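Asks: Mind looking over this structure? Questions follow.
Values in this text are rule-based calculations from the coordinates and carry no lab data. All of these numbers come straight from a predicted model, not from anything done at the bench. So basically every Cβ, Gly included, is an ideal-geometry build from the backbone, and we count neighbours across all protein chains shown.
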Amino acid sequence: MIPMVSYLALSTLLFFVGIYGFIARKNMLAMLISIELILNAVELNFSVFNRYLYPEQMEGMFFSLFGIAVSAAETAVAIAIIINVYRNAQNIDIRHVDKLKG
Amino acid sequence: MELGTSIVFYVLAAVIVASAIFAVTAKRIMRAATCLLFVLVGTAGLYLLLNYHFLAAVQLSVYAGGVLILFIFAILLTNPKGDPAEPADRQKVVMGIVAALCGLAVTAVIVLKHFALYPIHPSAVGEQEINMQAIGAALMGTGKQQYLLPFELLSVLLLACIIGGILIARKGKGQVGEAEE
């Protein structure tokens, strides 16, 4: 079997790759992709802790399940906002989004 | 068996990390979305390895099926001129690398410091797949450690999302007029 610390190392790497992308990218969709990476790492952590430390319960799995659903909802609203920004500003570069009322 | 599981895990881990790094460094946003697909499918594989079969199915259908389609639609809608590469901003890249490395160092120190606390193997119970009936009962029950209320809250959240998405993405009155002209 795989030691638990391998899973933790993997999700840590995934999380901070996402953090890097969120800071370094300028396209709003690329930033959203980075957020997905971060959320994915967190959900992996929930289920790994559940499986290795408390296998007789399923709280971690349900946290992951609800996390997946909430992040899908969050992506839908974020993409609606991005499309609206694109309609007003003709691009989705984060540097050009500095007006609250276009 | 033991070796096979390890090989599967390390191949999946390598695919996930490589795809994640490519997803945040790729010049073309469509390639980044494709790499995100590989990350999500690899994570579903890890859930299978952890014996969370239902979670793997949900991950595949919601993330790889739903969210990624949304991403691809959004990319195609917001990139009329064939997906131009964004010019690199050195300062932001350096800031991102510094922030990620600092956080990575802190987290790695904390994780490795408590290395002895983590079990190497899950216990015997942990090797078993969770019964689908148990998942359904927990999702639909109102007792302790059962999740009917969050489940219903989630459906209200999704409804709010649908309405909000339509309201935000709908064209305003002026723009409708322009389109008609």
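Asks: Residue A:56 - would you say it is farther than 14 Å from residue B:51 by Cα and of a type in the set (Asp, Glu)?
Replies: No.
Asks: Right, next: Quick check on residue B:21: is it among the β-branched types (Val, Ile, Thr) and more than 16 Å from residue A:11 (Cα to Cα)?
Replies: no
Asks: Checking the condition more than 7 Å from chain A (Cβ to nearest Cβ), touching a Leu at 6+ places or on another chain (Cβ under 9 Å) and assigned to a helix (DSSP H, G or I), which residue from B:33, B:57, B:44 passes?
Replies: B:44
Conditions (1) within 9 Å of chain A (Cβ to nearest Cβ); (2) of a type in the set (Gly, Ala, Ser); (3) over 30 Å from residue A:9 (Cβ atoms), marked per residue:
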residue	(1), (2), (3)
B:115	yes, no, no
B:119	yes, no, no
B:127	yes, no, no
B:132	no, no, yes
B:142	no, no, yes
B:151	yes, no, yes
B:157	yes, no, yes
B:161	yes, no, yes
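Asks: Pull up the stretch A:75-98, narrow it to residues that are more than 8 Å from chain B (Cβ to nearest Cβ) and in contact (Cβ under 8 Å) with a residue 12 or more places away in the chain, then point me to the one that is nearest to the chain's Cα centre (by Cα).
Replies: A:78
Asks: So which residues in the stretch A:13-31 are in contact with a Gly (Cβ under 9 Å, 6 or more places away or on another chain) and either in a helix (DSSP H, G or I) or under 21 Å from residue B:121 (Cβ atoms) (or both), if there are any at all?
Replies: Result: A:15, A:16, A:19, A:20, A:21, A:22, A:23, A:24, A:30, A:31.
Asks: For residue B:69, all conditions in the list (1) farther than 24 Å from residue A:55 by Cα; (2) among the β-branched types (Val, Ile, Thr); (3) touching a residue at least 24 places away in the same chain (Cβ under 8 Å) hold save one; what is the number of the exception?
Replies: (3)
Conditions tested, residue by residue: (1) under 20 Å from residue B:32 (Cα atoms); (2) in a helix (DSSP H, G or I).
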position	(1), (2)
A:36	yes, yes
A:47	no, yes
A:52	no, yes
A:55	no, no
A:65	no, yes
A:72	yes, yes
A:75	yes, yes
A:85	no, yes
A:98	no, no
